[in-house]
1. Among the numbered criteria (1) among the hydrophobic types (A, V, I, L, M, F, W, C); (2) over 17 Å from Phe91 (Cβ atoms); (3) touching a His at 6+ places or on another chain (Cβ under 6 Å), which single criterion is violated by Ala176?
2. Tell me yes or no: at least one residue of the range 109-119 is touching a residue at least 60 places away in the same chain (Cβ under 8 Å) and either over 21 Å from Ala175 (Cα atoms) or in contact with a strand residue (DSSP E or B) (Cβ under 6 Å, 6 or more places away or on another chain) (or both).
3. Can you list residue pairs whose Cβ atoms sit under 6 Å apart, with the first residue in the range 36-51 being under 14 Å from Leu163 (Cβ atoms) and the second being among the polar types (S, T, N, Q)? Count only pairs 6 or more apart in sequence or on different chains.
4. Any residue in the range 164-177 that's more than 11 Å from Arg32 (Cα to Cα): show its pairings with residues that are of a type in the set (Phe, Trp, Tyr) at Cβ separation under 9 Å, as long as the two are six or more apart or on different chains.
5. Give me the residue from the range 11-66 that is among the hydroxyl-bearing types (Ser, Thr, Tyr) and over 12 Å from the mean Cα position of the chain (by Cα) and, out of that set, modelled with the highest pLDDT.
6. Looking only at the range 162-174, count every residue that is of a type outside the set (D, E, K, R), assigned to a helix (DSSP H, G or I) and surrounded by fewer than 18 Cβ atoms within 10 Å (Cβ to Cβ) and tell me the total.
Amino acid sequence: MEQDKSETGDGDSLQAQLLIAMPSMQDERFQRSVIFMCSHTADAGAMGLMINKQLPNLQFADLAKQLDIEAENSPPITMHFGGPVETGRGFVLHSDDYQREATVPMAEGVSMTATVDILRAMASGAGPGDAILALGYAGWAPGQLEQEIQRNDWLHCSADSDLIFEVALDAKWEAAVRRIGIDPAMLSVQAGRA
């Protein structure tokens, strides 16, 4: 599958696509990151959730305790670093088998819910079949993401539930790069212009 060749600056939205950090990414927080784009408009900018960065020092039980959620018998739930903006705010990107009033469909087979109710459901084992619980998000002002793409900071490709939920965290970046037909070994750390 090839990268969408359209110019995002012409109003084309990257919503429901994946952003893939180029090897030359200077910001350590985003190195080798894969970001599911939740929204992208010319007027409001863009917002996405990293789907391949685990928070190593935070357990779901800790979050549940803060929110007064019983989680003693909850299934294992990995906490993700969603991005550097509002790191105390939580989002759940999940399979579409869980739908509530506050759930927003994002892509085929993928929805997002950002209420405490989904955390209660997950703690009790009644949540979605697949989920990424992320704290924080990645955000861009209007035009900022387009500038970063032109600067060769990002590639983008279509998203699907298998890549989001089934591929191991440490393999998502390479899988996303391969999805657009590029051998990751061929990507240079040095960005260039022809």
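1. Ala176 satisfies all of (1) among the hydrophobic types (A, V, I, L, M, F, W, C); (2) over 17 Å from Phe91 (Cβ atoms); (3) touching a His at 6+ places or on another chain (Cβ under 6 Å) except (3).
2. Here is the first cut: in the range 109-119, the residues touching a residue at least 60 places away in the same chain (Cβ under 8 Å) are 110, 112.
Subsequent filtering for residues that are either over 21 Å from Ala175 (Cα atoms) or in contact with a strand residue (DSSP E or B) (Cβ under 6 Å, 6 or more places away or on another chain) (or both) retains 112.
Checked against the condition, which is being touching a residue at least 60 places away in the same chain (Cβ under 8 Å) and either over 21 Å from Ala175 (Cα atoms) or in contact with a strand residue (DSSP E or B) (Cβ under 6 Å, 6 or more places away or on another chain) (or both), the range 109-119 yields at least one hit.
3. Met37/Gln15; Met37/Gln17; Met50/Ser33
4. Qualifying pairs under 9 Å: Ile164/Phe36.
5. As a first pass, look at the range 11-66 and keep what is among the hydroxyl-bearing types (Ser, Thr, Tyr): 13, 24, 33, 39, 41.
Among the residues that remain, those that are also over 12 Å from the mean Cα position of the chain (by Cα) are: 13, 24, 41.
Values: Ser13: 91, Ser24: 88, Thr41: 94.
Looking at residues that are among the hydroxyl-bearing types (Ser, Thr, Tyr) and over 12 Å from the mean Cα position of the chain (by Cα), I get Thr41.
6. Going through the range 162-174, the residues of a type outside the set (D, E, K, R) turn out to be 163-165, 167-169, 171, 173.
Within this subset, residues satisfying the condition of being assigned to a helix (DSSP H, G or I) are 163-165, 169, 171, 173.
If we keep only those that are surrounded by fewer than 18 Cβ atoms within 10 Å (Cβ to Cβ) as well, we get 169, 171.
Residues meeting the conditions: 2.
The values are calculated or read from the model by the stated rules, or taken from the named source; none is laboratory data. Please read all numbers here as calculations on a predicted model, not as lab measurements. Using ideal geometry, Cβ is built from the backbone for each residue, glycine included, and neighbour counts are taken over all protein chains shown.
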